[in-house]
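The values are calculated or read from the model by the stated rules, or taken from the named source; none is laboratory data. Quick caveat: nothing in here was measured; it's all calculated off a predicted structure. Note that each Cβ is placed from the backbone with ideal geometry, even for glycine, and that neighbours are counted across all protein chains shown.
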Ligand SMILES: [Zn+2]
């Protein structure tokens, strides 16, 4: 199939109008006006939950969900049960990814055995088995001396260490961002300093070792400022931010469902919890909805704006989803007891396109952070994958609309604009939204009715 007159954006953010071949089938040309063709997106941070938590996600369901979100490559985190800390488990994860024939799955192996933060895993062997990076994500390596060794071995294995930056002595039993909203809701907070002090420590150790350090889901203005200075000093540090930290604020825990660029609306007072209405016109949330519980927590509007500035000036290398699907029994409990995480791989691109529309940032910068940026973090050549996006297509986020087993998103009931309608991985069309593709048959400039008359 050939898409004619389509807007094509490259991994460096440049764009042109052109014809693009999608897959190898010889079906008729399609009018591509109004569509976007992007390189396949690369997600540095997703939880596919297998082995051990198959009720929340499997490699197959996660890799399919990824494709529907436009991610043709996903890095699978190691916090499974057992943790991915042996060459055999790395190879098994990679094999399951290949069998799924959806998004390409790249294994990230654990830094420490069992992710216990006590003893280093054999990083050189894990890299040889196919691990593209190391992370104990969810659990930072608290012991600075052990973290130094991890960076030294990872450096020898020519792989980055991806660290969840959080000082757990400071975050304690916090469940949301510490500030005015947590005080009003009476929930224990996680201060910005818990992230910023950990970022400072990790940057100092990266400087000491000369190894490649990648900071996961950076969420505060102060943390980003530290990264900016470290980069200016020539330290080998990269970082990612998530779509939810680029769009939502801690007000969401109090019931707001307004993106940071929208006026506040629909927030109901904390004392009147009610069922979430599935009404796309007036998205309304309830306070203490555990779908908003995520680590690091949703921060303030000022932090969100600082992340967008970091994206614009190159301080932020990548946008990674931190897709964290959970079975309902882990979320349908008291806020304090609920698991951390948002299922976000299928909504990420739409939210980012809407943010760009609202003037939060440039489309080119967003595309770079989803393609060439993460490729650089992994020190790999970006694959030749392609995705086709209809930026005007509106859809409602419902449990049924998500391919992921994780329905835990505070966007449930929200109307989003922008949808992936095809994804090509390794030259093969592995996802195609038939409904959206229909009605587009026929090259531009020709009226389908007139063509039918001419054929008679
Ligand atoms: Zn994390």
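Figures for the structure shown
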{"item": "Positions within the range 396-433 being part of a strand (DSSP E or B) and surrounded by fewer than 19 Cβ atoms within 10 Å (Cβ to Cβ), in sequence order", "result": "396, 415, 417, 428, 429, 432"}
{"item": "Flag if residue 245 is in a helix (DSSP H, G or I), farther than 28 Å from residue 335 by Cβ and out of contact with any strand residue (DSSP E or B) (no Cβ under 7 Å at 6 or more places or on another chain)", "result": "no"}
{"item": "Within the range 109-124, tally of residues that are surrounded by 20 or more Cβ atoms within 10 Å (Cβ to Cβ), away from the ligand (no atom under 16 Å from the Cβ) and assigned to a loop (DSSP other than H, G, I, E, B)", "result": "1"}
{"item": "Residues located in the range 125-150, provided they are within 13 Å of residue 79 (Cα to Cα) and either part of a loop (DSSP other than H, G, I, E, B) or away from the ligand (no atom under 16 Å from the Cβ) (or both)", "result": "135, 136, 137, 138, 139, 140"}
{"item": "Options 106, 44; residue that is within 16 Å of the ligand (Cβ to nearest atom), in a strand (DSSP E or B) and either more than 17 Å from the chain's Cα centre (by Cα) or buried (at least 19 other Cβ atoms within 10 Å of the Cβ) (or both)", "result": "44"}
{"item": "The listed residue being crowded, with 19+ Cβ neighbours inside 10 Å, in contact with a strand residue (DSSP E or B) (Cβ under 9 Å, 6 or more places away or on another chain) and assigned to a helix (DSSP H, G or I), out of 355, 350", "result": "350"}
{"item": "Which listed residue is over 30 Å from residue 378 (Cα atoms) and crowded, with 16+ Cβ neighbours inside 10 Å, from 189, 138, 172", "result": "189"}
{"item": "Every pair of residues 6+ apart whose Cβ atoms lie under 6 Å, when the first sits in the range 216-230 and is under 15 Å from residue 377 (Cβ atoms) while the second is at pLDDT below 95 and more than 13 Å from the ligand (Cβ to nearest atom)", "result": "none"}
{"item": "Number of positions in the range 293-304 that are in contact (Cβ under 8 Å) with a residue 60 or more places away in the chain and away from the ligand (no atom under 16 Å from the Cβ)", "result": "3"}
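So that you can scan it fast, the table gives a plain yes or no per residue for (1) surrounded by 22 or more Cβ atoms within 10 Å (Cβ to Cβ); (2) within 18 Å of residue 110 (Cβ to Cβ); (3) within 16 Å of the ligand (Cβ to nearest atom):
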{"residue": "59", "(1), (2), (3)": "yes, yes, no"}
{"residue": "66", "(1), (2), (3)": "yes, no, no"}
{"residue": "70", "(1), (2), (3)": "yes, no, no"}
{"residue": "75", "(1), (2), (3)": "yes, yes, yes"}
{"residue": "78", "(1), (2), (3)": "yes, yes, yes"}
{"residue": "90", "(1), (2), (3)": "yes, yes, no"}
{"residue": "94", "(1), (2), (3)": "no, yes, no"}
